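Trainee: If you scroll down you'll find the structure; I have some questions about it.
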């Protein structure tokens, strides 16, 4: 185990050095214009909040400065760090309560600058992912190490390099997961309690847990056990949400600060009239999230629901309530629930959907459990599923006008997500030499994409929120 920890730490350092090296190279005029500048442009935001304009420009990456990191949600978290939830209108006073306190409180506790807290966020993310890899992937050094480096450089990992709450979401969920796998309720309680204080979207984790317990109740019919599990699993979430309400009340004077803030964010149910997004990059990655992750999760849950009373065993034996199966079922309910909620409320504008799907610990749990079970899944079935999902995505992209030319650089994130997924599903057929070559290429290209995304964020032009 000591050897594996050393290897994982070395991979973290390698990923950071690779990212910094590529980013610094693209800050150089000559290198930029003769490499990535040949196929892409950056964004530039001008004007005020109400009359801004986002334009494409040809210029190297920006210089990394603290002020550049305080964009979008990060500026709101920074405001909470400095002012808590005071009710004045300035500094996002009307909407701050929609953001939960754990991350800004951690930020304040560390006294870190925006750049340092971003580095700390990435380290928290890698720590959480390393825990999940150790507990969910078979004890094979090569498999764990290659899986780890692939996932910490995933095409959406840039979200863990900025002052957002996704990294704490990962770590708190990892603690709760270990508690569930080890049957240590106190550990689960601590993880779930902290999780509830990270962000409002964790309510979908709680709903997924309740849905999973109902699923097993319908299969086994033990109502006493199911009710006990629902109460015990829900309790830390409810206490966490109560603590959030109390903390917001202490500084704002209002017991309904969160509810009041939602009035500025929530518009209720909306019919899908037109497909749109806040950026082409986001549109591509959100599309992958829908067709390769959330829709399959929903479809598989429907399949399981139809088999609840079947005497025949599921092809992955998910009816048995083992630790991994329980986690997988929770994750599938979460991913499907996020998609359903988005379909009902987004009105066809799915901006930031990938943040709630691919950048959630539930996604990584599914991927890691899939990797651990993939050798037992029929290859023809995997190929059929992958091909079907690709054709559905291709058909969707051909029917939707938003985004323009599908071969432009802005869609590299989508392409790399598909390629990375294909690699995960079929890498077992590669020799070790070919596997390392493919992995190295994917890691490098994904890192280039993440540097591009970070520069968009620093430019206040690409929208993560």
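The values are calculated or read from the model by the stated rules, or taken from the named source; none is laboratory data. For clarity, every value in this text was computed on a predicted model and none was experimentally measured. Note: ideal-geometry Cβ built from the backbone for every residue, glycine included; neighbour counts use all protein chains shown.
Trainee: Does at least one position in the range 375-394 carry a residue that is under 20 Å from residue 145 (Cα atoms) and surrounded by fewer than 14 Cβ atoms within 10 Å (Cβ to Cβ)?
Mentor: Within the range 375-394, one or more residues are under 20 Å from residue 145 (Cα atoms) and surrounded by fewer than 14 Cβ atoms within 10 Å (Cβ to Cβ).
Trainee: Taking the range 108-128, which residues are in contact with a helix residue (DSSP H, G or I) (Cβ under 6 Å, 6 or more places away or on another chain), more than 18 Å from residue 2 (Cβ to Cβ) and part of a helix (DSSP H, G or I)?
Mentor: Once the filter is applied, which keeps residues that are in contact with a helix residue (DSSP H, G or I) (Cβ under 6 Å, 6 or more places away or on another chain), more than 18 Å from residue 2 (Cβ to Cβ) and part of a helix (DSSP H, G or I), the range 108-128 yields 108, 114, 115, 117, 118, 121, 122, 124, 125, 128.
Trainee: Just the residues that are out of contact with any helix residue (DSSP H, G or I) (no Cβ under 9 Å at 6 or more places or on another chain) and in contact (Cβ under 8 Å) with a residue 40 or more places away in the chain, please, taken from the range 373-393.
Mentor: Across the range 373-393, the qualifying residue is only 376.
Yes or no, residue by residue, for (1) closer than 22 Å to residue 148 by Cβ; (2) in contact with a strand residue (DSSP E or B) (Cβ under 6 Å, 6 or more places away or on another chain); (3) modelled with pLDDT of 90 or more:
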residue	(1), (2), (3)
282	no, no, yes
290	no, no, yes
300	no, no, yes
313	no, no, no
345	no, no, no
349	no, yes, no
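Trainee: Within the range 91-107, identify whether any single residue is part of a loop (DSSP other than H, G, I, E, B), out of contact with any helix residue (DSSP H, G or I) (no Cβ under 9 Å at 6 or more places or on another chain) and either free of Cβ contacts under 8 Å to residues at least 40 places away in the same chain or surrounded by fewer than 22 Cβ atoms within 10 Å (Cβ to Cβ) (or both), and answer yes or no.
Mentor: No: zero hits.
Trainee: Looking at (1) part of a helix (DSSP H, G or I); (2) out of contact with any strand residue (DSSP E or B) (no Cβ under 8 Å at 6 or more places or on another chain); (3) surrounded by 21 or more Cβ atoms within 10 Å (Cβ to Cβ), can you tell me which one residue 422 breaks?
Mentor: In the conditions (1) part of a helix (DSSP H, G or I); (2) out of contact with any strand residue (DSSP E or B) (no Cβ under 8 Å at 6 or more places or on another chain); (3) surrounded by 21 or more Cβ atoms within 10 Å (Cβ to Cβ), residue 422 misses (3) alone.
Trainee: Okay, moving on. Inspect all residues belonging to the range 413-421 and state whether any of them is modelled with pLDDT of 95 or more and closer than 28 Å to residue 322 by Cα.
Mentor: yes
Trainee: Still on this structure: Listed residues 397, 456, 416; which is surrounded by 16 or more Cβ atoms within 10 Å (Cβ to Cβ), part of a helix (DSSP H, G or I) and touching a strand residue (DSSP E or B) at 6+ places or on another chain (Cβ under 7 Å)?
Mentor: Only one candidate passes the filter, namely 456.
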